[in-house]
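Visitor: Below is the structure I would like to discuss, written out as structure tokens.
The values are calculated or read from the model by the stated rules, or taken from the named source; none is laboratory data. All values reported here derive from a predicted model rather than from experimental measurement. Reconstructed Cβ throughout: ideal geometry from the backbone, glycine too, with neighbour counts over all protein chains shown.
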Amino acid sequence: MRRAIAESSVSVVAAGVGCVGPLDQKTGYVIRPVNLPGWKEVALVDTLRNALGIPVYLDNDANAAALGEHRFGAGRGVRNMVYLTISTASVAASSSMIISTRARTATPASSGTCP
């Protein structure tokens, strides 16, 4: 990531990370994801912030993907959309909604997951 940032033609001022939950957005910790064995209370945001030297923001993977689709993909230009992810790794479904062009997420970040 450091090399990609250094070689970028634009100024990278922050990084966003989408990760399977459960996670804690306030502390930046990934709690204990089913499909990442050995990850227990991982301080992902602090680790990346220290390595990259820029602010890092954490959200669950469905919310991050929904924001990306709304901004750059199939949802570009729409005011409302629903984004669903189906994961075979953890046998779960997640969802995120964009309402009036703003992301609507539940707290905690894993509550959109349906095992």
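Visitor: May I ask you to verify whether residue 24 is closer than 27 Å to residue 84 by Cβ, modelled with pLDDT of 90 or more and acidic (Asp, Glu)?
Guide: For residue 24, the condition - closer than 27 Å to residue 84 by Cβ, modelled with pLDDT of 90 or more and acidic (Asp, Glu) - is met.
Visitor: When you look at residue 71, is it surrounded by fewer than 12 Cβ atoms within 10 Å (Cβ to Cβ) and of a type in the set (D, E, K, R), yes or no?
Guide: Numbers: surrounded by fewer than 12 Cβ atoms within 10 Å (Cβ to Cβ): yes; of a type in the set (D, E, K, R): yes.
Judged against the criteria, residue 71 is a match.
Visitor: Among the residues of region 4-43 satisfying the criterion of being hydroxyl-bearing (Ser, Thr, Tyr) and within 15 Å of the chain's Cα centre (by Cα), which is surrounded by the fewest Cβ atoms within 10 Å (Cβ to Cβ)?
Guide: Of all residues in region 4-43, those hydroxyl-bearing (Ser, Thr, Tyr) come to 8-9, 11, 27, 29.
After this cut, where a residue has to be within 15 Å of the chain's Cα centre (by Cα) as well, the list is 27, 29.
Values: 27: 14, 29: 19.
Looking at residues that are hydroxyl-bearing (Ser, Thr, Tyr) and within 15 Å of the chain's Cα centre (by Cα), I get 27.
Visitor: Answer yes or no: is there a residue in region 37-48 that is at pLDDT below 90 and among the hydroxyl-bearing types (Ser, Thr, Tyr).
Guide: no
Visitor: If you don't mind, there's one more thing I want to ask. Could you give every pair whose Cβ atoms fall below 6 Å, whose first residue belongs to region 47-62 and is touching a residue at least 12 places away in the same chain (Cβ under 8 Å), and whose second residue is in a helix (DSSP H, G or I), counting only separations of at least 6 or pairs across chains?
Guide: Within 6 Å, the pairs are 56/45; 56/48; 56/49; 58/45.
Visitor: Residue check: is residue 87 under 17 Å from residue 31 (Cβ atoms), within 13 Å of the chain's Cα centre (by Cα) and either at pLDDT 60 or above or of a type in the set (D, E, K, R) (or both)? Step through it out loud before you land on a result.
Guide: Details: under 17 Å from residue 31 (Cβ atoms): yes; within 13 Å of the chain's Cα centre (by Cα): no; either at pLDDT 60 or above or of a type in the set (D, E, K, R) (or both): yes.
No: the conditions fail for residue 87.
Visitor: Please list, ordered by residue number, the strands (runs of 3 or more DSSP E) wholly in region 1-95 having 1 or more residues that are out of contact with any helix residue (DSSP H, G or I) (no Cβ under 7 Å at 6 or more places or on another chain). Step through it out loud before you land on a result.
Guide: Working: elements: 15-19, 56-60, 81-87.
Result: 56-60, 81-87.
Visitor: Filter region 55-80 down to residues that are among the aliphatic types (A, V, I, L, M) and under 17 Å from the mean Cα position of the chain (by Cα) and give me whichever is nearest to residue 1 (Cα to Cα).
Guide: Among them, the one singled out is 56.
Visitor: Can you name every residue in region 12-41 that is touching a residue at least 60 places away in the same chain (Cβ under 8 Å) and within 21 Å of residue 1 (Cβ to Cβ)?
Guide: 20, 23, 25 - these are the residues of region 12-41 that are touching a residue at least 60 places away in the same chain (Cβ under 8 Å) and within 21 Å of residue 1 (Cβ to Cβ).
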